[in-house]
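Asker: Submitted below is the structure of interest, expressed as structure tokens.
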Amino acid sequence: MKSYRKELWFNTENRYELINITPLVEECIRESGVRDGLCLVNSMHITSSVFINDDESGLHRDYLRWLEKLAPHEPIERYEHNKTGEDNGDAHLKRQIMGREVVVAITNGQLDFGPWEQIFYGEFDGRRRKRVLIKIIGE
Ligand code: ZN
């Protein structure tokens with residue numbers, strides 16, 4: 001069995017960003033040489049997500065609007081967590097809803113996606129260096 005591990009680094013310009021990382025994951029699969037197996041992609045931070053959905057800009061604006069309604073950034077005093085001196089109480093909640101990781105099957109050396117599926121990094125407390133872990137196992 002082959003095993004491959006890589007960290008992808010991000011430092012977004014904005015506090016919130018949704019980034020299509022599918023091409024980066026595909027590159028890792030090529031590097032791994034795995035033709036048949038599983039690919040795990042997870043955020044290594046508790047204020048950002050990895051999720052699968054459509055690469056459609058209207059949907060992304062809908063996500064951000066919906067998340068802001070569920071867990072508004074301000075007023076920051078509304079969050080108990082921010083009493084620690086942080087201001088990212090909302091980002092922890094946003095990450096919980098959008099999820100930590102995805103696992104995708106690899107078949108014939110390709111991500112075995114359903115129609116329109118793409119992998120995204122969801123940043124909810126950006127403007128600093130953060131990581132995504134990629135782990136690929138198979139043959
Ligand atoms: Zn925090």
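Asker: Name the residue that is surrounded by the fewest Cβ atoms within 10 Å (Cβ to Cβ), counting only residues in segment 66-107 that are within 9 Å of the ligand (Cβ to nearest atom) and under 15 Å from residue 122 (Cβ atoms).
Answerer: 92
Asker: Quick one: count up the residues across segment 107-139 that are assigned to a strand (DSSP E or B) and in contact with a helix residue (DSSP H, G or I) (Cβ under 6 Å, 6 or more places away or on another chain).
Answerer: Residues of segment 107-139 assigned to a strand (DSSP E or B): 107, 110-111, 118-123, 130-138.
Next, from what is left, pick out any that are in contact with a helix residue (DSSP H, G or I) (Cβ under 6 Å, 6 or more places away or on another chain): 118-119, 122, 134, 136.
Number of matching residues: 5.
Asker: Among the residues of segment 28-49, how many are surrounded by fewer than 17 Cβ atoms within 10 Å (Cβ to Cβ) and not charged (D, E, K, R)? Spell out how you get there, then give the answer.
Answerer: Here is the first cut: in segment 28-49, the ones surrounded by fewer than 17 Cβ atoms within 10 Å (Cβ to Cβ) are 30-31, 33, 35-36, 38, 40, 44, 46.
Going one step further and asking which of them are not charged (D, E, K, R), we end up with 33, 38, 40, 44, 46.
Selection size over segment 28-49: 5.
Asker: Which pairs have Cβ atoms under 7 Å, sit 6 or more apart or on different chains, and link a residue in segment 125-139 that is of a type in the set (Asp, Glu) to one that is in a strand (DSSP E or B) and loosely packed, with under 15 Cβ neighbours inside 10 Å?
Answerer: 139/2
Asker: Taking segment 42-65 on its own, how many of its residues are more than 14 Å from residue 113 (Cα to Cα) and either hydrophobic (A, V, I, L, M, F, W, C) or within 16 Å of the ligand (Cβ to nearest atom) (or both)? Lay out the reasoning, then the answer.
Answerer: Of all residues in segment 42-65, those more than 14 Å from residue 113 (Cα to Cα) come to 42-50, 56-65.
Checking which are either hydrophobic (A, V, I, L, M, F, W, C) or within 16 Å of the ligand (Cβ to nearest atom) (or both) leaves us with 43-50, 59, 64.
Qualifying residue count for the region: 10.
Any read-out appearing in this document is the output of simple, stated calculations on the displayed coordinates, not a laboratory observation. Given the structure is predicted, the values throughout are model-derived calculations rather than measurements. Heads up, the Cβs are rebuilt from the backbone with ideal geometry, glycines too, and the neighbour counts pull from every protein chain shown.
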